[in-house]
1. Which of the residues that make up segment 184-205 are part of a loop (DSSP other than H, G, I, E, B) and either closer than 28 Å to residue 47 by Cα or touching a residue at least 40 places away in the same chain (Cβ under 8 Å) (or both)?
2. All but one of (1) at pLDDT 80 or above; (2) crowded, with 16+ Cβ neighbours inside 10 Å hold for residue 350; state the number of the condition that does not hold.
3. Mind listing whichever residues of segment 185-206 are within 18 Å of residue 56 (Cα to Cα) and crowded, with 19+ Cβ neighbours inside 10 Å?
4. Where in segment 43-161 are the strands (runs of 3 or more DSSP E), entirely inside, with at least 2 residues that are under 26 Å from residue 266 (Cβ atoms)?
């Protein structure tokens, strides 16, 4: 009878055991998060925030697309999020989306270990910590701290050999963050996510094997310097309400208002060409082609500011004039990264008169 009474309690025993195992699973991620969080920096380059992982006292592993521009890369740590230090990009893989950046040695931080060449299996637990945050350009740091070091756990859905497909919650600020296994080791670098009409919450991470190879070359002093990757040209559209501050010969007014549409093509984030079409009062309209160069610096909180001077060829065709007029104009635009607006100033000369225009550029 005693044996039967004991057997009756077996289901309860197993239920309690499984519950304890489940709680242990939860606390495992708690411990890993506490352990690795201090070694996951903020990486800021060209106005964009990314994540990364300290894998040696002076090396950070991150995504290539976070640091492959011509701009300076800056790093800050969770203990001092407003204290930025310059970082040097020392390696970018030619095909895979990962890079190594070098900082002053962080002897007070524990590097996150890379897993060895052990195969990452489908169905394994995995997690990432990153910064899917929103920008706040007038603050230091220039982002919402409440949405940094956000934890997300899931499973390895597929191992393609060079990439790991994961079912984690990933946002743009997660790029470069570490993909971590159940023992707190780096098994990948968060690269991108896939969202289509039929697919959601599917992420991609570069496998850690390539990072292991790069780290081995670095230790041997054989790591090649990074090549400047091709920076894809960008196309933007803007609209500028302006005020013409000086009388011209055909308007008969001391000032006039204009609206200018701007179509701009930028190469390597520096050289740009644009076409402008301006419509003003009293049919004093013009079109122009412009060529310029973008200069960029950083505020104290590392938000980029830019200055864009250009020279342009203008064509006027006012109804009061007997023919079309051609002249040269000079324009400059100043603005701040993260804001879809900028101030534009133009000096236009045509048919014996000068016009000074200033306005607010609104666009992408």
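The values are calculated or read from the model by the stated rules, or taken from the named source; none is laboratory data. Since this is a predicted model, take the numbers as computed values, not measurements. Positions of Cβ are generated from backbone atoms using ideal geometry, with glycine treated the same way; all protein chains shown enter the neighbour counts.
1. In the first step, residues of segment 184-205 are kept if they are part of a loop (DSSP other than H, G, I, E, B); the result is 184-185, 195-201.
Correct list: 184, 185, 195, 196, 200, 201.
2. (1)
3. Taking segment 185-206 first, the residues within 18 Å of residue 56 (Cα to Cα) are 185-189.
Listed by number, the residues that qualify are 186, 187, 188, 189.
4. Working: elements: 48-50, 53-56, 59-62, 73-77, 80-92, 99-102, 125-130, 150-159.
Counting at least 2 such residues, we get 48-50, 73-77, 80-92, 99-102.
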